[in-house]
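Asks: The following block contains the structure, expressed as structure tokens.
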Amino acid sequence: MIARSLFAALVASLLMVAACEDDPSKPGPSPAAGAGGACEPMTCKDQGIDCGEVDNGCGEMLRCGDACGSGGQGGGATQCAPAEPTTAPARTARRARSVGFSGTSEAYSELFTLACQNMSECVEACEKVGGQEAMCAASECLPNGAGSSDCVPAPIWDNLESIQVEDAALEDMTQIVLVSTPYSDVMIVDQFELEVPEHATVSGLTVEILRAGDENVADDSIKIVKSGRIGGAERALPDAWTSQLGWVSYGGKDDLWGETWTAAELNAEDFGVALSAAYALPAGNTRAYLDQVRVTVHYSVTCE
């Protein structure tokens, strides 16, 4: 009698298992199961999942990609819910260079010592030591007060290596002597070493410049540099530079500077800022000082 009851219970259990296997609403064996029924866990790549949380096929959850870790919240197996707007930490430029002159400071200084008969001699000498066409074309051949004439090249940015550090004295900063000339030397600062997350949706860029100037200094141009090329959006301000060193902001959290951006473009070492200063008077000269340039990226993280 006992044996007959056990046999009936066994049959009932087998029927229940068969019913579950036939029910399409019940999960079947893991597709990752290998030979003999042993579970072989799948990676995010195996499943074509870029971000979010997903089962590895063996009952364990995988964290795919870094989007959620950058501010989003889990929003399903393959996506992250949109994160709140955030900002990448402000980073300062580590490199500065003159667009108009690629030669050495010594070579530029030597141009002032060249005797000349006409301007074309100064232009030719300038181009031989690294001057670009527009910069060299602004050279002059001027009387030196001793009965002859010397070359006077167009002003360019100097002390470029100082952009890497915060200087205590104006004379140690990156600087330029400004005169009344059609040519304004453009300086590009880059190598910001930004760390924008891969899945970031960029909403704006804030550029800040720590600067000061003697009398009659103003912005000539402030533009963004994308993939090594100067952009078209102009952000120069009309206000004169003050003699007191201070930070001045350009752009903002909703300003893309006329561009669309990927994290890779912003994190690249050739992302930068192009700037030039102007002298507001028709005669004489003045001096502009630039200590540091920093960039803040405003973004949110989404993963579709």
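The values are calculated or read from the model by the stated rules, or taken from the named source; none is laboratory data. Every value quoted in this text rests on a predicted model; they were computed, and no experiment measured them. So basically every Cβ, Gly included, is an ideal-geometry build from the backbone, and we count neighbours across all protein chains shown.
Asks: Being part of a loop (DSSP other than H, G, I, E, B), touching a strand residue (DSSP E or B) at 6+ places or on another chain (Cβ under 9 Å) and surrounded by fewer than 21 Cβ atoms within 10 Å (Cβ to Cβ) narrows it down to one residue among GLU193, GLU208; which is it?
Replies: Going through GLU193, GLU208 in turn, the sole match is GLU193.
Asks: Would a scan of the stretch 126-137 turn up a residue that is assigned to a helix (DSSP H, G or I), touching a strand residue (DSSP E or B) at 6+ places or on another chain (Cβ under 8 Å) and modelled with pLDDT of 95 or more?
Replies: Scanning the stretch 126-137, I find at least one residue that is assigned to a helix (DSSP H, G or I), touching a strand residue (DSSP E or B) at 6+ places or on another chain (Cβ under 8 Å) and modelled with pLDDT of 95 or more, so the answer is yes.
Asks: Consider ALA146 against the criteria (1) in contact with a helix residue (DSSP H, G or I) (Cβ under 6 Å, 6 or more places away or on another chain); (2) without any contact (Cβ under 8 Å) to a residue 40 or more places away in the chain; (3) of a type in the set (A, V, I, L, M, F, W, C): it satisfies all of them except one. Which criterion is unmet?
Replies: With (1) in contact with a helix residue (DSSP H, G or I) (Cβ under 6 Å, 6 or more places away or on another chain); (2) without any contact (Cβ under 8 Å) to a residue 40 or more places away in the chain; (3) of a type in the set (A, V, I, L, M, F, W, C) applied to ALA146, the lone miss is (1).
Asks: Just the residues that are more than 19 Å from ALA96 (Cβ to Cβ) and modelled with pLDDT under 95, please, taken from the stretch 145-178.
Replies: GLY145, ALA146, GLY147
Asks: Report yes if CYS126 is of a type outside the set (Gly, Ala, Ser), touching a helix residue (DSSP H, G or I) at 6+ places or on another chain (Cβ under 8 Å), farther than 24 Å from ALA277 by Cβ and surrounded by 18 or more Cβ atoms within 10 Å (Cβ to Cβ), otherwise no. Spell out how you get there, then give the answer.
Replies: Details: of a type outside the set (Gly, Ala, Ser): yes; touching a helix residue (DSSP H, G or I) at 6+ places or on another chain (Cβ under 8 Å): yes; farther than 24 Å from ALA277 by Cβ: no; surrounded by 18 or more Cβ atoms within 10 Å (Cβ to Cβ): yes.
When the stated conditions are applied, CYS126 does not pass them.
Asks: Can you spot a residue in the stretch 227-242 that is free of Cβ contacts under 8 Å to residues at least 60 places away in the same chain, of a type in the set (Ser, Thr, Tyr) and outside any loop (DSSP other than H, G, I, E, B)?
Replies: Within the stretch 227-242 (the criterion being free of Cβ contacts under 8 Å to residues at least 60 places away in the same chain, of a type in the set (Ser, Thr, Tyr) and outside any loop (DSSP other than H, G, I, E, B)), the answer is no, since none of the residues qualifies.
Asks: Okay, next question. Looking at (1) part of a strand (DSSP E or B); (2) under 26 Å from ALA137 (Cβ atoms); (3) modelled with pLDDT under 95, can you tell me which one THR201 breaks?
Replies: The number of the failed condition is (2).
Asks: On to the next question. Provide a single number: the residues in the stretch 138-153 that are at negative phi and surrounded by fewer than 18 Cβ atoms within 10 Å (Cβ to Cβ).
Replies: Number of matching residues: 6.
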